[in-house]
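Asker: I'd like to ask you about the structure that follows.
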Amino acid sequence: MDRARPVDAHRDHSRRRRAEEPGMPAKRVLEEIRDLSHTGSLNPLHQYVGQGRLEGDRIMRSPRRVATWTATRPENLPDKTRAPAR
């Protein structure tokens, strides 16, 4: 599971605004959440949006974890990781 990021505290507001205006740039979202006490920079927000974490509840897996999945035979994977590895 991914660790919490400062942007997560403003996820609901950011999602609502992106739903209202789907093409809204990350920079504008950042300006709005800064008014709500966010102190982070644009780069983590840009990554957050690029990973799809803002649009949905999709959890991105780390490259290391994906590499482990692809190098492991499916029958040797734990049950909880078999479905995402397909």
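Asker: Applying a 10 Å radius around every beta-carbon, put 8-16, 70-78 in order of their mean neighbour count, most first.
Answerer: Answer by packing, highest mean first, reads 8-16, 70-78.
Asker: What's the ranking of 36-43, 22-29 by average number of surrounding C-beta atoms within 10 Å, highest first?
Answerer: 22-29, 36-43
Asker: Then there's this: For R28, what charge total do you get from the other residues with a beta carbon under 9 Å from its beta carbon, if Lys and Arg give +1 and Asp and Glu give -1?
Answerer: -1
Computed from the coordinates by the stated procedures, all read-outs in this text should not be read as laboratory data. Because the structure is predicted, anything quoted here is derived from the model rather than measured. Positions of Cβ are generated from backbone atoms using ideal geometry, with glycine treated the same way; all protein chains shown enter the neighbour counts.
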